[in-house]
Structure formats: C-alpha cells, structure tokens
Amino acid sequence: MRNKFVLIIFTLIISISPLVSEAQLNTNNIFDKGRSAIYFDDYTEAINKFNDIIRVKPYLPEPYFFRGLAKSHLEDYNGAIVDYTKAIELNPNYTFAYLYRGIAKNALKRFEDAIIDFDMAIEFKPNMADIYFSKANSLLSLKKYKKAEKNYSKAIYIDPEIMGAYLNRSIVRENLDDIDGAIKDCNKAIQLNNFSAHAFGNRGYLKFKKEEYDEAIKDYNRALKIEPENTRVLMARAFTNYQLKDLQGTMDDYNKVLEIDPNNAHCYYNRALLKSEIGDYNSAIEDFNNVLEMNPDNMLIYFNRGFVKMDIGDLYGAMDDFSTAIRIYPDFAKAYLARASVKRDLNDEKGAMKDRYQALQIIDRYKAMKNEGKMSAFVDTTENFQRLIDLNSRESFTEEVIKGRVQDKRVSIELENNFHITHLSMDSLRAGKIQYYDQTIMKYNQKQNYHPAFTISNHNRRYPKALVDKQVSLAQKQIESEEASAYFHRGSYQLMDRKYNKAIADFNKALEKDPSFLFAYFNRANALVAMTDYIQSIGGGAESVVSLRPDENKNKNEVIVDYSSAIKDYTKVIQLDPSFSFAIFNRANAYAKSKQFKRAIADYDWALQLDSNFKEAYYNRGLIYLFLDDKALAYEDLSKAGELGLIDAYNVIKRYCNKPD
C-alpha cells in the first residue's frame, strides 16, 4: 500500500493522432491494430504489429514509440527506453517519447535521468499535468519532498481531478510531518474516487499514525470491502488490531493473508511472534521454520526462534539458534547476551561470562565508531527484536531484514529446446505453419517428393502413435533398398517416439551408407542429447536447466554432464554446412548445459550472425549472461527475444533483470 506511486494510465496515449500522411493505407491499418492490441492488453501482438511497420517504414517515429509503450507494459523497461530514444532521434520534439522514457527510467530507479526527460517534456508542453506528476514521483523517490510537493501541486493546479497526485502528495506531506494536510489529500482522492482501496488504505495508515486506531480500522475495512485480498491492507489492519489488544482479530487477519499468499514471510514472522506471545510455542516454531525455508540466512528468525525454544525448555536448540544468528552477523550483541543466558541456565558460567564480555566489547566498539548505519541497531541492546513488524512504518529497518531474499527465491529457468528435424504434416505445410523455413530441408523434401516431409522445430510434440507406426513401417520397406535416407527416416520417427537407442542405431546405419549425410549427424546428436537428459532426469538431475543463482551451484558435488559425443556430431554438421545455424545453436546449448559458457556464447554469437532474427539464440544467450551476472547484456538479449515474439523473455526480465543490484 505504501510507496506505490500511481503512474499515468497508459491508455491515455491511445488517443494520440495516427501516423503522418505518408504512412497511410496498409501501415495505418496495422498501426490501428497495434494500438488496439495495447488497449486490450495484448502487448506481444502489439509488438508484432509495430515490428511489421518498422520493417517497411523505419523512418516513422510513432511505431517505435508505441512498441516502447508495449514493452513498458511487459516491464521490459530497457527495451522500451531504446525504442523511445529511437522515436526521439526521428522526432526531437516528441513530447510523449520524453515523458514515457522518463517513466521507464523511473521504473528502473534511474530517478535523476528520468527528471531530465521530464524537464525536456515540460519545455514542449508546460501545461501538461501528467509530466509534473511523473516528475514529482521521481523527486519523491529521491526524498526531495519539498520539490515533489511543488510538482504535485502544479499537476493538481493544471488538472484538479488527477487523483494520483493527491494520493502521492499525501505521502510527501506525511514525510514533511504534515499529517493533517496528508489526510486532506486522501479525503480529496476519496471524493474523486469513492472506490479507491489505495485512498482508504493510505488514510487508514495516517489515522493509525495519529493513534486514532478505531478510525484507522474503519478505513482499512472500507479498503478491504473494495479489494478483499489486498494483503498489505490486511497486514496493516492486523497491526492496528494488535494495538487495540484485539489479538484474535490480529490472528484472523494474519491467517487470511497466508490463505491468499502462502509465501508471505512478513506475515509468518509476525504470526510466529504473536503465537509465542499467547503461548502457542510449537506452532510459533513452525511459522519461524516457514520463514527460514524462504530466507535461510535471516538472523532475526533464528534469534526469535531461540527465545521460543527457551520457553519450551529446549535450551540446546535455543543455543544453536543464537549461535547461528551470531554466525550470520558476528556483531549481533543481543544474540551474545541471549546465548549467555542459555549457557547460564546450562550451568556454563565460564561460557556465559565469555559471551557477555563479547557483547560488551561490541557495544563499546560501536559507540567509539559512532556507527549510525542500519546494522548498528543489532548492537543496541534496547532494540526490541521481538515486536511485530509494521509494514507501513518508514522507520522499520527490521522489515528489510525479514524480507531478505524472499523475492529472490531460487527459480530455475530452462534454455530454449534444441532444434531437430521432425515430421511435417501436409496441412501445416499448406497453411504455412512452419516454425522456421530452411532451404536445405525443403530441397530434401522435394527430392523425397514429400514422402515423408520434414521440418525443423524445437517444439517437442508427441505425435499420434498411428502416425509414427505408419511412417516407421514405410521406412522399413524403403530399407530393403539399403538407402541411407530410409534409415534416417526410420530413425527420425523413432526419435519422435523417444526410442533413443533404436534411433541412434538407425542414424549409425544411415551414416555407414552415406558418411556425409548432414541430417543423420544432426538428429543423431539430438538423440544423444535427449537420451543423456533422460538419464539425468531419472537420476535426479536437471536437463536443460540453468540456475539463475550460480553461487548456489558452485559446490564440490556439482555434476558436469558429458555431451561430448553430441558436440562432436554437431561439429561435423557445421563442417559439412557452416550456414546451418540450428546445429550451431544446438551445440551452444550442449556447451551451456556442460557449463562451457564461453564456447556457448561464441556459438550463439555465430548463430545470430547467420540469422539476426533467431529469437531462441537471443533468449538462451541472455540466460547465460544472466547466469554470469552480466545483467546489462542479459537484458539486451532478452528484450530482443521478447521483441521477436518469445514472450517468456519478459517473465525473466521482470523476475531478474529489473531487480536492483
């Protein structure tokens, strides 16, 4: 609920005038379809439409601008900035391009740069409220509260009904200790929109801050009536109920939050503290355990769980928890004092005195340093680490500690699959539904009179058994002629049926008959990779997975999978036809999965030199860069992959690239 600035509604821009007169007829029609796609939230389709216009008329600024707008909706802010910049290069007076580039920069926390763009936009349109509003958002993020207030006020002066400006100005005024002024702004926002959960939630927090708890509850109730699953408001109401000594109401709200969001670490933490307060110790420990699963390096969880274990008489368990807290943060003075208390209860007076002495040394050292950083609070023995976290409080440093890496949970992202030569139905051929056109494969199909017909694809479809059996049967009849192609045909359908050993045997036969049979080498390599991955999956390994937490993979038990036989076959294919980009891509994947990242990147580079629209190569190279912690290059590649239609790229950008370092 807090610090979520209300940004300009992007659909405002849909009303911008259409393309200039020279871009009429078909491009105008495509342009209208692209704008409509944005309006109906179909952003990837919008990107496709604007790509079509850019290919035909790359000198028009509007398609770049609207493609940037679609990318912004997909949270590909860097990609959007590239497009907005191109629009500005083509039209240096493009006010909206400056405005939305500033908004994208703001989303990336490049606040100073954003303000420069907003100032440029103001030069062109000094009476546009949205620009002042957006500039104020950046100033608020920079904690320049007076300047932010001035810009929100300017926006309101121009447009008295811009609700977001009232809401955000209320945040500014609260920071300027003008609580009554902040409440007046919330009142005005509610007057403009009586169904704004944000407005009621913000006003509830301000009343809470004035210790008007009953009034705060009324506002939170109104907000929850509008958005019943708003977990932040539920957490705020829980905290307010706690101040009113309504422990059951507090517990009910925490339970509701966890029904909605089972991974809410803050809620588990607060509920654990509440349970320990009412004596439900074992259940409290379970909640602490849940938080530790999400954030195993959190000193506060161990610290508080240690006290609960003391309450149930598990002194050795408590000592382990206090020791872990100390190991995570060696200057945690209060943890030393807590462990000293446990040691005293265990009759270890010498150990207790040693811990107490260590705590006092830390406290004296920090006093001498006059350390005023956030972590210095862990040295302050007066700090209450067993209090509930108020998520609305701007003074709560413990919120950040509890949050830890909850939003950065280990997520494995799969590389785009290998390409293989597979069955092509005549219906797909007639309808033009071919993933990639390859001239070599088409010539092969013509030579075989399309009996059978093949295509190149990385979609692992399961074909009907009747189709596979029919094609295998036809191939067996051809094998009587001892032609290499017959063995290749049968092997390819065996590969589709995941009968890897039989497929490899057929490809071997094909290569005996024709040692230069490029496709046989290619599919044999694919069969070898598929079989290796299958064996790995049975053994508990992961097949085409690159963890985006590389630090967690670097351990002595890490297994490097051997794809050397497949790599040898892909290399042979490349020697026979250096322009066959799919073999280069597949070899890159094999290198990536065997942790030979430099070689993988070199092959992805090569594949992209051959085909600059090879979206899977951009995507996989982006994942490797992300693994290697090069976010800038990863962002560039993933944005391009998304622009070319690989929509999973935007999910990765959102989860990994948009996070601050």
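So that you can scan it fast, the table gives a plain yes or no per residue for (1) farther than 26 Å from ASN168 by Cα; (2) charged (D, E, K, R):
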residue: LYS210; (1), (2): no, yes
residue: ASP219; (1), (2): no, yes
residue: ILE226; (1), (2): no, no
residue: ASN230; (1), (2): no, no
residue: ALA236; (1), (2): no, no
residue: TYR242; (1), (2): yes, no
residue: GLY249; (1), (2): yes, no
residue: LYS256; (1), (2): yes, yes
residue: PRO262; (1), (2): yes, no
| remark: When restricted to GLY645, GLY622, the only residue closer than 20 Å to ASN586 by Cβ, touching a residue at least 24 places away in the same chain (Cβ under 8 Å) and among the small types (Gly, Ala, Ser) is GLY622
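The rows are residues; the columns are (1) β-branched (Val, Ile, Thr); (2) part of a helix (DSSP H, G or I); (3) not assigned by TED's automatic domain parsing to the domain that holds GLY645.
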| position | (1), (2), (3) |
| --- | --- |
| ALA80 | no, yes, yes |
| ALA97 | no, yes, yes |
| LYS105 | no, yes, yes |
| ILE116 | yes, yes, yes |
| ALA136 | no, yes, yes |
| LYS143 | no, no, yes |
| LYS147 | no, yes, yes |
| remark: Of the candidates GLU383, GLU395, GLU399, the one satisfying the condition of being part of a loop (DSSP other than H, G, I, E, B), modelled with pLDDT under 95 and surrounded by 13 or more Cβ atoms within 10 Å (Cβ to Cβ) is GLU383
| request: Would you check if there is a residue in the range 625-645 being part of a loop (DSSP other than H, G, I, E, B), within 27 Å of PRO63 (Cα to Cα) and of a type outside the set (Ser, Thr, Tyr)? | output: yes
| note | Over the range 252-268, the set of residues at pLDDT below 90 and either under 12 Å from ALA284 (Cβ atoms) or of a type in the set (A, V, I, L, M) (or both) is ALA265
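Determine if the range 507-530 includes at least one residue that is modelled with pLDDT under 90 and either within 28 Å of VAL652 (Cα to Cα) or outside the structural domain of ILE421 (by TED's automatic domain parsing) (or both).
Yes: the range 507-530 contains one or more residues that are modelled with pLDDT under 90 and either within 28 Å of VAL652 (Cα to Cα) or outside the structural domain of ILE421 (by TED's automatic domain parsing) (or both).
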| message | Which count do you get for residues in the range 208-245 that are basic (Lys, Arg) and farther than 20 Å from ALA189 by Cα? | response | 2
| request: Scan SER485, SER473, SER481 and give me the residue that is out of contact with any strand residue (DSSP E or B) (no Cβ under 9 Å at 6 or more places or on another chain), assigned to a loop (DSSP other than H, G, I, E, B) and assigned by TED's automatic domain parsing to the domain that holds ASP533. | output: SER481
| field | Restricting the range 178-235 to residues that are over 35 Å from the mean Cα position of the chain (by Cα) and over 30 Å from LEU247 (Cβ atoms), the residue that is surrounded by the fewest Cβ atoms within 10 Å (Cβ to Cβ) | value | ASP180
| request: Would you mind finding the one in ASP321, ASP345 that is surrounded by 21 or more Cβ atoms within 10 Å (Cβ to Cβ) and modelled with pLDDT of 90 or more? | output: ASP321
| said: Between a residue in the range 445-462 that is over 16 Å from GLY491 (Cα atoms) and any residue that is part of a loop (DSSP other than H, G, I, E, B) and among the aliphatic types (A, V, I, L, M), which pairs come within a Cβ distance under 9 Å, given they are 6 or more apart or on different chains? | reply: ASN445/LEU424; ASN445/ALA453; TYR450/LEU424; SER457/LEU424; SER457/ILE434
| message | Considering only residues that are touching a residue at least 60 places away in the same chain (Cβ under 8 Å) and not small (Gly, Ala, Ser), which ones fall in the range 131-148? | response | PHE133, ASN137, LEU140
| query | Could you list, in sequence order, the residues of the range 499-533 that are of a type in the set (D, E, K, R) and in a helix (DSSP H, G or I)? | reply | LYS502, ASP506, LYS509, GLU512, LYS513, ARG524, ASP533
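Does ASP119 qualify as being of a type in the set (D, E, K, R) and closer than 30 Å to GLU89 by Cβ?
Here the answer is yes, as ASP119 does meet what is asked.
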| request: Look through TYR268, TYR254 and report the one residue that is touching an Asp or Glu at 6+ places or on another chain (Cβ under 6 Å), in a helix (DSSP H, G or I), at negative phi and without any contact (Cβ under 8 Å) to a residue 60 or more places away in the chain. | output: TYR268
| note | Per the filter on the range 451-470, residues more than 13 Å from SER485 (Cα to Cα) and among the aromatic types (Phe, Trp, Tyr) are TYR463
| task | Would you mind telling me which numbered condition in (1) surrounded by fewer than 21 Cβ atoms within 10 Å (Cβ to Cβ); (2) part of a helix (DSSP H, G or I); (3) in contact (Cβ under 8 Å) with a residue 12 or more places away in the chain LYS598 fails? | result | (3)
| query | Within the group ILE131, ILE116, which residue is closer than 22 Å to ASN168 by Cα, at pLDDT 95 or above and out of contact with any helix residue (DSSP H, G or I) (no Cβ under 6 Å at 6 or more places or on another chain)? | reply | ILE116
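Is there a residue in the range 59-70 that is modelled with pLDDT under 90 and acidic (Asp, Glu)?
Checked the range 59-70: no residue is modelled with pLDDT under 90 and acidic (Asp, Glu).
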| task | Specify which of the listed residues (ASN151, ASN194, ASN202, ASN168) is within 19 Å of GLU227 (Cα to Cα), assigned to a helix (DSSP H, G or I) and either in the same structural domain as LEU234 (by TED's automatic domain parsing) or touching a residue at least 40 places away in the same chain (Cβ under 8 Å) (or both). | result | ASN202
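The values are calculated or read from the model by the stated rules, or taken from the named source; none is laboratory data. Computed from a predicted model, the values in this text were never measured in an experiment. When we count neighbours, we look across all protein chains shown, and the Cβ atoms used for this are built from the backbone with ideal geometry, even at glycine.
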